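**Q** Take a look at this one; I'll ask things after.
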């Protein structure tokens, strides 16, 4: 029987190299897709487009929002929270992202950034707040869906004040 | 020349199956390691062991903590924050995790949970707070290191109060 070892070595070596190349390529594609997710979200949020916003979330999303309670469990609960938040504003809410960091694995990703929300409340008052945002994603049927949001401002323990006027 | 197609088919099929098995196995191993990270962190935190805590973080960690500023950039800044927090307590700080969810990819993971911190302040006053925690991890040289923390309580916008007494 002919010795097949050289063929197998070349084949396995090629598979390993191909795998590494595909992984690097997939990672940069995944990062670009997560960045697109953020921009698409900002566009939908600016426009108060609740359906477009919610189409970007997984059914079993759990959110720790800037407002109580401690957690919103599931898409329906989080949708109501979004609707209440958007209803406070009159007209577009401008979104600015800063210091965005994106980490991608195999079908799993998370991102964190500072986020400025800037708009006019229905009372006529201007609102301009910097919040901290962390989001976790899962790739489901080839599409990145947000499965976890955490949005907050820091707290001052002595006064029990929420610090809504901090700037980066 | 002998037809090598059957051999190649079997070989490639075996590689694909092996790959899937290894992935599933690696995922459950990774999840167990992240869970161990949490328990190890709780033990070090309870004991005020700052070195043990900081050995679990990546050098370029960025933290959004419950206290200001908006962000702590890098391990040294975060270490000072930890030191100040721990210094407020007299004796052990008990940690309870609830509703822990762990997501793992290839070298990337994130976790979210509710966390109860329970101890006695140096003033003699008892402190018992539920916070929301999200952490992001990278596997660096075979070890999971925390590269991002987000810890918070919700805020009441009308009163600007930080809600430090919510319970799940």
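**Q** With a 10 Å cut-off between alpha carbons and a GNM built on chain B, which of B:121, B:17, B:86 moves the most?
**A** B:17
**Q** Let me ask you something else. Send over the per residue convex hull volume for the range B:54-143, Cα only, as a whole number of Å³.
**A** Measuring per residue, one finds 109 Å³ for the Cα hull of the range B:54-143.
**Q** Using only Cα positions of the range B:111-153, each an equal point scatterer, no hydration layer, compute I(q)/I(0) via Debye at q = 0.29, 0.34 Å⁻¹ and quote the log10 values to two decimals.
**A** Log-scaled intensity ratios, in q order: -0.94, -1.07.
**Q** Stokes-Einstein diffusion coefficient for the protein assembly as shown at 25 °C in a medium of 0.890 mPa s, Rh from the Kirkwood formula over Cα pairs: what value in µm²/s?
**A** Answer from the Stokes-Einstein relation: 112 µm²/s.
**Q** Just to confirm the numbers: residue A:158, label point 7 angstrom along the Cα-Cβ line, distances to the other copies in nm, shortest first?
**A** Shortest to longest, the spacings are 2.8 nm.
**Q** Once the label point is placed 7 Å from Cα along Cβ, list for residue A:5 the distances to the corresponding points in the other copies, in nm, shortest first.
**A** Spelled out, the distances from residue A:5's label point are 2.9 nm.
**Q** Ok, one more. Which stretch or stretches of the range B:63-101 have amide N atoms under 11 Å from the point lying 7 Å from residue B:140's Cα along the Cα→Cβ direction?
**A** Only B:74-76 pass the distance filter.
**Q** Could you state the per residue volume, in Å³, of the convex hull enclosing the Cα atoms of the range A:1-56?
**A** Output value, Cα hull per residue: 68 Å³.
**Q** While we're here: I'd like the FRET efficiency for residue B:99 and residue B:28, computed as 1/(1 + (r/R0)^6) with the beta carbon distance as r and R0 of 25 Å, rounded to 0.05.
**A** The calculated FRET efficiency here is 0.80.
**Q** As a check on your reading of the symmetry: which chain B residue has its Cβ nearest the axis that brings B onto A, and how far is it in Å?
**A** So the chain B residue sitting closest to the axis is B:105, 1.
**Q** Calculate how many DSSP beta bridges within the range B:5-162 are antiparallel, expressed in % of all such bridges and rounded to the nearest 5.
**A** Percentage antiparallel, nearest 5: 90.
**Q** For residue B:26, which inter-copy label distances result when the label point lies 7 Å beyond Cα on the Cα-to-Cβ vector, reported in nm to one decimal and in ascending order?
**A** 0.9
**Q** If you rank A:79, B:35, B:132 by fewest surrounding Cβ atoms within 10 Å, what's the result?
**A** B:35, A:79, B:132
**Q** Would you mind telling me which residue in A:140, A:93, A:53 has the biggest mean-square fluctuation in a Gaussian network model of chain A, where springs connect alpha carbons within a distance under 10 angstrom?
**A** A:140
**Q** Calculate how steeply helix B:5-46 sits against the longest principal axis of the alpha-carbon atoms of chain B, using the helix alpha-carbon long axis, and give the answer as 0 to 90 degrees to the nearest 10.
**A** On a 0 to 90 degree scale, this one is about 10.
**Q** On a 0 to 90 degree scale, rounded to 10, what angle separates helix A:75-87 from the longest Cα axis of chain A?
**A** 40 degrees
**Q** What percent of all Cα-Cα pairs in the range A:5-162 falls in each 10 Å bin, counting up from 0?
**A** Histogram of Cα-Cα distances, whole percents per bin: 10, 33, 30, 13, 7, 4, 2, 0.
**Q** With r as the distance between the Cβ atoms of residue A:88 and residue B:87 and R0 = 51 Å, compute the FRET efficiency 1/(1 + (r/R0)^6) and round to 0.05.
**A** Step by step, r from the Cβ atoms, then E = 0.85.
None of the figures in this text is laboratory data; all of them are computed from the coordinates on show. This structure is a prediction, so every number in the text was calculated from the model and none was measured. Using ideal geometry, Cβ is built from the backbone for each residue, glycine included, and neighbour counts are taken over all protein chains shown.
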